[in-house]
1. Out of the residues in region 17-31 that are in contact with a helix residue (DSSP H, G or I) (Cβ under 8 Å, 6 or more places away or on another chain) and part of a helix (DSSP H, G or I), which is farthest from residue 103 (Cα to Cα)?
2. Are any residues in region 40-50 under 22 Å from residue 105 (Cα atoms) and surrounded by fewer than 19 Cβ atoms within 10 Å (Cβ to Cβ), and if so, which ones?
3. Of (1) in contact (Cβ under 8 Å) with a residue 24 or more places away in the chain; (2) more than 12 Å from the chain's Cα centre (by Cα), residue 61 satisfies all except one. Which?
4. How about region 77-92: which of its residues are farther than 20 Å from residue 29 by Cβ and touching a helix residue (DSSP H, G or I) at 6+ places or on another chain (Cβ under 7 Å)?
5. Surrounded by fewer than 19 Cβ atoms within 10 Å (Cβ to Cβ) and within 28 Å of residue 1 (Cα to Cα): which single residue out of 60, 69, 77 fits that description?
6. Assuming residue 19 fulfils every condition listed in (1) over 14 Å from residue 93 (Cβ atoms); (2) crowded, with 17+ Cβ neighbours inside 10 Å; (3) modelled with pLDDT under 95 apart from one, which condition is it?
7. Quick check on my filter: what residues within region 48-76 are out of contact with any helix residue (DSSP H, G or I) (no Cβ under 7 Å at 6 or more places or on another chain) and more than 27 Å from residue 11 (Cβ to Cβ)?
């Protein structure tokens with residue numbers, strides 16, 4: 001049940017960010033946001049650990065800031081696979097991933113229990 005709640009939190013957060021903040025990330029409808037949340041979850045489970053391992057020296061040298069770049073890349077890859085979602089550039093993907101991570105962390109902490 002926690003997985004479904006987290007997917008819905010991510011989808012709602014991404015949809016609201018794209019629609020109401022008018023940033024460089026565009027999501028056509030809530031279905032695209034839901035597909036984005038699923039694809040993002042899959043990529044976070046498969047691609048992100050691989051990129052984190054490869055980028056470990058850069059992450060250590062930048063005191064962890066390179067992980068923001070990895071998050072932005074994962075968001076851009078997810079947007080590539082989701083029809084109905086567009087990211088206008090790397091910096092928009094980075095801003096979107098930072099804000100999305102913050103919002104989903106806060107909402108997940110409030111709505112889910114361990």
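1. Step by step, filter region 17-31, then rank; the result is 30.
2. From region 40-50, those under 22 Å from residue 105 (Cα atoms) are 40-49; that's our starting set.
Within region 40-50, 41, 42, 43, 44, 45, 46, 47, 48, 49 meet the criteria.
3. Evaluating residue 61 over (1) in contact (Cβ under 8 Å) with a residue 24 or more places away in the chain; (2) more than 12 Å from the chain's Cα centre (by Cα) leaves (1) as the failure.
4. First, pick out the residues of region 77-92 that are farther than 20 Å from residue 29 by Cβ: 77, 89-91.
Matches in region 77-92: 77, 90.
5. Details: 60 fails: within 28 Å of residue 1 (Cα to Cα); 69 fails: within 28 Å of residue 1 (Cα to Cα).
Residue meeting the stated conditions: 77.
6. If we test residue 19 against (1) over 14 Å from residue 93 (Cβ atoms); (2) crowded, with 17+ Cβ neighbours inside 10 Å; (3) modelled with pLDDT under 95, just (2) comes out false.
7. 53, 54, 56, 57, 60, 61, 62, 63, 64, 65
Here is a yes/no grid of residues against (1) out of contact with any strand residue (DSSP E or B) (no Cβ under 7 Å at 6 or more places or on another chain); (2) at pLDDT 95 or above; (3) farther than 23 Å from residue 111 by Cα; (4) not in a loop (DSSP other than H, G, I, E, B):
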{"site": "14", "(1), (2), (3), (4)": "no, yes, no, yes"}
{"site": "35", "(1), (2), (3), (4)": "yes, yes, no, yes"}
{"site": "38", "(1), (2), (3), (4)": "yes, yes, no, yes"}
{"site": "58", "(1), (2), (3), (4)": "yes, yes, yes, yes"}
{"site": "68", "(1), (2), (3), (4)": "yes, yes, yes, yes"}
{"site": "73", "(1), (2), (3), (4)": "yes, yes, yes, yes"}
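The values are calculated or read from the model by the stated rules, or taken from the named source; none is laboratory data. Computed from a predicted model, the values in this text were never measured in an experiment. For neighbour counting, all protein chains shown are included, and Cβ atoms are generated from backbone atoms with ideal geometry for every residue, glycine included.
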